[in-house]
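What follows is a set of notes on a single structure, which appears directly below.
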């Protein structure tokens, strides 16, 4: 947030406006989609009618049903083609957010309608011989007047739909541009290298014959986080708490449902793939499983060189040298470049993954459980490597892991997540030595003791039950179903992530420092 | 010392692969005493699982082969039993809890049925209603809430932690005298892991079964075990009681393993990793398999030439397989002094 008096009003207004614009843009986007899909249905019905001979000739009370109902059936290919072209142009225009293309689509449909009207209106004396066939008066392909009239109606409906698509696209585009401007203005004021505000990522649950959306998985549900340059922020939590989804949403490998992401002075929440490409160069990711994240058919040189190639900076010797240099940086030798991933051990593969992430000199690297799949004796090697790389290149890390000892070792600050929300955040000493949220306390106390003589000397908080389903999270505080401190207020009011006198923010109405790692004399 | 419940001597297991013979377990000997918890720690590929699977005839043969060894249990050699005789032991006197509860329960059978099956296989004459009440009682013992309803549910209706509890219930169904738990909590989250470990402790108290706990997590060993075997490349490199191993390890691998762990309660600038990576079990380094990664060898030829035997180290019942373990005399691991108040027991 801005601190100077002048900017404050503007920023607040912009922030408020942002929500409105976003809602408007999303509504328009949905409207465009609906218009397009109904036009597709109309055109499809025409097509089906055209290719179903019995429907075309079927008669009820002497009226040719097919021809009458579809209108276009008798009119031949031309109407159908025109309709398909119109809808496709509309879709392309909508997708590329260029309303002119959609407008051209509308024109095509209008032209077809005009043609049909011309045929219908042509007097008997004028022999209108159009590729469409002849008008009913001339005994042409369109044999019933009703058929021709319906052709006209269909064409007009599609044409108007495309006009609507074009208009919607234009307004949507304007809304997006407005959003973009607002975000760009706001981004300049944001603290930290990376800032996330009220980020929400839901995944639809689809079921039934038509794959209708029956619910939402609340994977990330309103997360605020600021990451400062050069720090390591640890994200911890149990499986299903949304830590991986959060890290992928930051990279926009998963589209956020709502919320804002600001990175290095840019608001990237709604950026598309093309615009994200240069941003991705600065934000890289190292995946958990070094066996699944390296293509087994590519040599190490190709794997590490791929980001360079995509960025267009691989050309000739320069790329080769860079790959060799990267291999040395992560403690492998350049001779390894021509080998395939299966020739390496888990630890070495993870080094290759790190080298690939480093290739484009990123500012931020998201480390998604980078050492969980490695053997104990290898973990320390990779952790040390990551730390020395951070010092050498001034990297910023987002370290996602469930191993609390490793997170303590690497992180400056730690955020604890539970069911899609951050429940506590603070520097590592605050989180490990003075945790204020009951979940953090339970999590820490659940870690096995470090040394056999401590057996029975640590207060153990054993949580009841399991993590509730993220499809249907509990009301109020999400941890209340397993919390020993829960009161009626916990079910009614969601606790905000604020400092309640413990020195760092915790999302608990009854936040209170407990030291679960201290030994109690026995 | 009491009579051992299980006595393994010179057990060797090999696997034939396209690349050569993998010596998964190479001549290990150990005893398990009644009522104790023995931890076997090691990295993946150290042979810790294979050594116990061999006891229950769970090694697929071929490609596996038990090359040598005896495993005396209640006066019988488990390795020489016919499949039928072995079936009599498996799930009755010796039971196993596997790592992955998702794949070790049958998804199309009700949990209660699967538990009852374990009992019925060994005691077919047991009346049905008695078996049923036993099943409910077992589920209650392992802390499954509402066991009367849960017996009629399928594994997919159980969460990961609940499934692992059901697996434990199944293992103790016939009150075994030896329980083998192979990475029982690796697939679980820490809060669930804590629950399951609590259950294992309760169950042990209840059944007085000796337990072999296989894990790579030294914290679990510290928490649960009485004695520890440290395995490296198919051999036991150190054995002893858990306090001694954590405080004063006498094998450089154990020293390195403990040093490489980050501490939950303290800040350290750098971790001290073990250099290199675990050896291939096809081309195991000559002599001591750990010598290429060892800080103690200092190029001495003996490490390369002679395979070190497990021999007495400081303290009763403490053994280490290192030619130069005396040089570690007086070494204390970083886990040797408690961080906060309260000294050792």
Across (1) touching a strand residue (DSSP E or B) at 6+ places or on another chain (Cβ under 9 Å); (2) at pLDDT below 90; (3) surrounded by fewer than 21 Cβ atoms within 10 Å (Cβ to Cβ), residue A:401 clears everything bar (3)
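Residues checked against (1) touching a strand residue (DSSP E or B) at 6+ places or on another chain (Cβ under 7 Å); (2) farther than 16 Å from residue B:284 by Cβ; (3) modelled with pLDDT under 85:
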residue: B:26; (1), (2), (3): yes, no, no
residue: B:29; (1), (2), (3): yes, yes, no
residue: B:52; (1), (2), (3): yes, yes, no
residue: B:57; (1), (2), (3): no, yes, yes
When residue A:335 is run through (1) free of Cβ contacts under 8 Å to residues at least 24 places away in the same chain; (2) surrounded by 15 or more Cβ atoms within 10 Å (Cβ to Cβ); (3) in a helix (DSSP H, G or I), the failure sits at (2)
Q. In this structure, is residue A:383 at pLDDT 90 or above, more than 19 Å from residue A:297 (Cα to Cα) and within 11 Å of chain B (Cβ to nearest Cβ)?
A. yes
If you go through A:376, A:354, the only one that is in contact with a helix residue (DSSP H, G or I) (Cβ under 8 Å, 6 or more places away or on another chain) and without any contact (Cβ under 8 Å) to a residue 12 or more places away in the chain is A:376
The helices (runs of 4 or more DSSP H) lying entirely within the range B:219-323 that contain at least 1 residues which are more than 8 Å from chain A (Cβ to nearest Cβ) and touching a residue at least 24 places away in the same chain (Cβ under 8 Å) are B:242-247, B:252-260
Among (1) buried (at least 24 other Cβ atoms within 10 Å of the Cβ); (2) within 11 Å of another protein chain (Cβ to nearest Cβ), residue A:422 falls short only on (2)
Among (1) closer than 30 Å to residue A:451 by Cα; (2) away from chain B (no Cβ under 14 Å); (3) out of contact with any helix residue (DSSP H, G or I) (no Cβ under 6 Å at 6 or more places or on another chain); (4) surrounded by fewer than 24 Cβ atoms within 10 Å (Cβ to Cβ), residue A:367 falls short only on (4)
ask   = Hey, any hits in the range B:176-187 for a residue that's at pLDDT 85 or above, over 22 Å from residue A:374 (Cα atoms) and either within 14 Å of chain A (Cβ to nearest Cβ) or not in a strand (DSSP E or B) (or both)?
value = yes
Counted residues in the range A:390-404 being closer than 22 Å to residue A:244 by Cβ and either more than 9 Å from chain B (Cβ to nearest Cβ) or without any contact (Cβ under 8 Å) to a residue 60 or more places away in the chain (or both) come to 9
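Quick grid of which residues meet (1) within 13 Å of residue A:39 (Cα to Cα); (2) touching a strand residue (DSSP E or B) at 6+ places or on another chain (Cβ under 9 Å); (3) at pLDDT below 55; (4) surrounded by 16 or more Cβ atoms within 10 Å (Cβ to Cβ):
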residue: A:92; (1), (2), (3), (4): no, no, no, no
residue: A:102; (1), (2), (3), (4): yes, no, no, yes
residue: A:110; (1), (2), (3), (4): no, no, no, yes
residue: A:156; (1), (2), (3), (4): yes, no, no, yes
Taking the range A:207-229 and keeping residues surrounded by fewer than 14 Cβ atoms within 10 Å (Cβ to Cβ) and touching a strand residue (DSSP E or B) at 6+ places or on another chain (Cβ under 6 Å) leaves A:207, A:213, A:214, A:229
Given the conditions (1) within 14 Å of another protein chain (Cβ to nearest Cβ); (2) assigned to a helix (DSSP H, G or I); (3) out of contact with any strand residue (DSSP E or B) (no Cβ under 8 Å at 6 or more places or on another chain); (4) surrounded by 15 or more Cβ atoms within 10 Å (Cβ to Cβ), every one holds for residue A:326 apart from (1)
Next on the checklist: residue A:237 - would you say it is farther than 30 Å from residue A:111 by Cβ, in contact with a helix residue (DSSP H, G or I) (Cβ under 6 Å, 6 or more places away or on another chain) and either surrounded by fewer than 16 Cβ atoms within 10 Å (Cβ to Cβ) or within 14 Å of chain B (Cβ to nearest Cβ) (or both)?
Outcome noted: yes
Residue B:40: passes all of (1) closer than 24 Å to residue B:204 by Cβ; (2) outside any strand (DSSP E or B); (3) touching a residue at least 24 places away in the same chain (Cβ under 8 Å) but (2)
Note on the range A:495-511: residues assigned to a loop (DSSP other than H, G, I, E, B), in contact with a strand residue (DSSP E or B) (Cβ under 9 Å, 6 or more places away or on another chain) and either in contact (Cβ under 8 Å) with a residue 12 or more places away in the chain or not assigned by TED's automatic domain parsing to the domain that holds residue A:451 (or both) are A:495, A:497, A:500, A:502, A:503, A:504, A:505, A:507, A:508, A:511
Flagged in the range A:338-362 as out of contact with any strand residue (DSSP E or B) (no Cβ under 6 Å at 6 or more places or on another chain), more than 14 Å from chain B (Cβ to nearest Cβ) and assigned to a loop (DSSP other than H, G, I, E, B), in numbering order, are A:339, A:340, A:359, A:360, A:361
Exception for residue A:313 within (1) in a helix (DSSP H, G or I); (2) over 23 Å from residue A:388 (Cα atoms) falls at (1)
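Residues are listed down the side, and each one gets a yes or a no for (1) under 24 Å from residue B:196 (Cα atoms); (2) free of Cβ contacts under 8 Å to residues at least 12 places away in the same chain; (3) surrounded by fewer than 19 Cβ atoms within 10 Å (Cβ to Cβ):
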| residue | (1), (2), (3) |
| --- | --- |
| B:70 | no, no, yes |
| B:75 | no, yes, yes |
| B:78 | no, no, no |
| B:84 | no, yes, yes |
| B:91 | yes, no, no |
Condition set within 24 Å of the chain's Cα centre (by Cα) and part of a helix (DSSP H, G or I), scope the range B:101-119, selection modelled with the lowest pLDDT: answer is B:101
Scanning the range A:461-496 for residues that are more than 7 Å from chain B (Cβ to nearest Cβ) and more than 35 Å from the chain's Cα centre (by Cα), the one modelled with the lowest pLDDT turns out to be A:461
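The values are calculated or read from the model by the stated rules, or taken from the named source; none is laboratory data. Here the structure is a predicted model, which is why all the values come from computation and not from measurement. Cβ sites come from the backbone with ideal geometry, for glycine too, and all protein chains shown count toward neighbours.
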